[in-house]
Structure formats: C-alpha cells, structure tokens
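Right, one structure below, let's go through it.
The values are calculated or read from the model by the stated rules, or taken from the named source; none is laboratory data. Fair warning: this is a prediction, and the values are worked out from it, not measured in the lab. Heads up, the Cβs are rebuilt from the backbone with ideal geometry, glycines too, and the neighbour counts pull from every protein chain shown.
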Amino acid sequence: MHVSTAAGSATVAVIGAGQAGLSAAHHLRRRGFRALPGPEDAAGERSVVVLDANARPGGAWQHRWASLRMATVNGIHDLPGMPLPPVDPTEAARSAVPRYFAAYEANEDLPVLRPVRVGSVTPVDDRPDGPLTVTTDHGRWHVRAVVNATGTWNTPVVPDVPGAASFLGEQLHSRGYVDAGHFRGKRVAVVGGGISAVQLLDEISLVTSTVWYTRREPVFLPGAFVHDVDGVDVERRVADDVRAGRPPASIVSYTGLIWTDALRAAARRGVLERRPMFTRIRPYGVVEADGSDTSVDVLLWATGYRADLDHLEPMHLRGALGGVPVEGTRVAGEPRVHLIGYGPSQSTVGANRAGRAAARELDRWLDEHPG
C-alpha cells in the first residue's frame, strides 16, 4: 500500500518487509492481530502495521545485481504458508523473488505501508512497558512494541584504508554492482573474502583482469555443507555471540566458503590466487603488503554489511561489547523490541523461525502487560 502519510496507532510495528518482516507479520496475523492499522479497541483487539522503506515489495532482493540468477543464489526458503512457485533457474533473482514477495503480501493480506523510512524508535515515558513512538518520514506511529527486520542492505561497510580519497579510478561497494560488462578493459581489485566477493570475482574475471585481496586467508570447506549438521552448529555459535552482546560477524566467517563448479573453474584459471590486504591506496593503484605497487582501475569493495539498527539508538540497546544482546529474538532487558533477521536468523529459514518466535513471545508479553 503506497502512502502519502503514515501516522496512527498500532499494537506492533514491524519495520522492514523482507523475509523476516513478512514472516513476523504473517505469524502476528495468525495470532489474531488485525491487519489494518488502528488503535486497540475497548475489547483489547490488537493490530499490526508493517513499515517498509522500499517503494516496491521484495526487500533487498530487488536491489541485487542483474546477473544473480535463481540457480546461483545462496538459498531462498519458502515464506510461511505459501511455497515459492516453480521458477526459471536462469531468471534474475531481483525479479523472481520480489514477484513472490508481492504475491505473498496480497495473499496474506499484510498491512505493508511503503515507502516509509523509519528515523527513530523512542520510549514515550520511563515505564519499562510503556508505549513507543516510531518516527518516520511520513509521520509518527504510537505502538506497544517493535519487531525490527531491517536487515543490513542499507549499511554497507567499506574499510578505512589510507589514501582512499586520492584514488582516481572507480570505487564502489558490491551493493552498487550491476554487471561485469561495466568493467571490461579495466583491471579490477576485488576486496573481500565472503560469498559475494568470490561470486563477483569469478564473474568479472571472465571479461577482464582481476586481483583479489582479503584480510585473512580464505577458508574453503573441504566437503559439502550439511545444513542439518553444519547449519545447526553455525546457528548455535552465532546465537552465543549475540547473546553475549558481540556484534554478529559475517556468515562466511562461521561457515567457510563452499566450492561450486564455477569457483573450481575460477581456481583452475588462477583467479582465486588471493593476496594479503594492501596497506595504502594511491591515485592509480594500491601498495601491496610487501611494499610493491600494483596498478588498478577499479576498487570493488565486497566487504559486507553491518546490521541496520541506527534508528534504534534512542532505545540504548547496545551493550559494552558493541552489539545488541539478544535472547532468542528479544533484546535482553527490553521486551518491547525484537530483532529478527539478525544474528542467527540472518538466513532465510532462520528468518522464518524468528518471525514465528517473535510473534509468539510478543503475544504472551501483551497478555502479561495489557497497558
């Protein structure tokens, strides 16, 4: 639903309409939360509103690079209650997934308002169970609780390397990557050791010269990643980190890189010959770790993202270690705020489970704190 103003009252505001946000809205609806935004009535009826910054359905998927095909995406899990229909494996993910999300929103009658960008979430008073004000670029919402599902797409990370401002070539984060053809005839330095980095490195190396830099030696798994075994262990380790208040690291730092046919072919071409991170950037290249110079025309920072939580700063949720301590989906010591698509629920299947868990716990908390 496109809006010119977005202001009112609801019991719960879900911020973000990607996989995690849609899952949470679905499970709140199943628990009887009214789809249309509005205040609780005299009988205590509860309502949910979904505030999404994007102009169209699809979450971050609509912004992925054009060459990312459904056959090569790193896993898409069905949304709850509506399986992903058969798709052409050669179709671009940025068209197939948003189409599925749009159909899901309509089928589930989810109250998504867009484009609505949330600027802050603030307590109205000092009561630990008091209402919250969600301030947006289209008005204010007054709510009892928030399910934050903003992901990471809007907070790309670029390392601070000396001399970066002096570079006369092109610099971009992988967030802005479109296709390899843009770099034809140029020497491209790909920086980063994650899944996106090696996928883009392989793709670009097919049309032009590349060099690859990472801070640490990349670790490739010797065998297949077994989700029922390895995935459970990864989720446990990530959950331990966020429970302790440590900022969650990149998923690949927990899983390692997985060999694919494309990456094996890239290795045979010599593309995966990684170099240690350069120490300085110069106008036409970089200074290697050994002090030598390498000329490059493009710096492509495939260096990941951080959690998009700046709008929650007025809630003072961060702990001493820099992260937000989370128990399950609930922020430790703040039952009015749940984080999903964060930490162990960054995967699509994890986001589904987190949406269900947040809805269940909020329903119980509202029973115990009728306001």
Subset of the range 237-277, residues in contact with a Phe, Trp or Tyr (Cβ under 6 Å, 6 or more places away or on another chain) and within 21 Å of residue 189 (Cβ to Cβ), comes to 257, 274, 275, 277
Would you point out the residue of the range 270-287, among those that are part of a loop (DSSP other than H, G, I, E, B) and touching a helix residue (DSSP H, G or I) at 6+ places or on another chain (Cβ under 7 Å), that is surrounded by the fewest Cβ atoms within 10 Å (Cβ to Cβ)? 283
So residue 201 fits all but one of (1) more than 23 Å from the chain's Cα centre (by Cα); (2) buried (at least 19 other Cβ atoms within 10 Å of the Cβ); what number is the exception? (1)
Yes or no: the range 298-316 includes at least one residue that is modelled with pLDDT under 95, out of contact with any His (no Cβ under 8 Å at 6 or more places or on another chain) and part of a strand (DSSP E or B). yes
Selected residue [on the phi > 0 side of the Ramachandran plot and either assigned to a loop (DSSP other than H, G, I, E, B) or in the same structural domain as residue 67 (by TED's automatic domain parsing) (or both)] from 185, 193: 185
Which ones in the range 238-269 are at pLDDT below 80, part of a helix (DSSP H, G or I) and surrounded by 14 or more Cβ atoms within 10 Å (Cβ to Cβ)? 238, 239, 241, 242, 243, 251, 252, 253, 254, 255
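Looking at 114, 140 in this structure, which one is surrounded by fewer than 21 Cβ atoms within 10 Å (Cβ to Cβ) and out of contact with any strand residue (DSSP E or B) (no Cβ under 6 Å at 6 or more places or on another chain)?
On the way: 140 fails: out of contact with any strand residue (DSSP E or B) (no Cβ under 6 Å at 6 or more places or on another chain).
Checking each option against the conditions leaves just 114.
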Looking only at the range 81-100, which residues are under 18 Å from residue 356 (Cβ atoms) and either modelled with pLDDT of 95 or more or assigned to a strand (DSSP E or B) (or both)? 82
Taking the conditions exactly as written (surrounded by fewer than 19 Cβ atoms within 10 Å (Cβ to Cβ), of a type in the set (S, T, N, Q), on the phi < 0 side of the Ramachandran plot and touching a helix residue (DSSP H, G or I) at 6+ places or on another chain (Cβ under 7 Å)), does residue 120 satisfy them or not? yes
When both residues are 6+ apart or on different chains and their Cβ atoms are under 7 Å apart, which pairs have a first residue that lies in the range 122-143 and is more than 16 Å from residue 48 (Cα to Cα) and assigned to a strand (DSSP E or B), and a second that is modelled with pLDDT under 95 and β-branched (Val, Ile, Thr)? 139/5
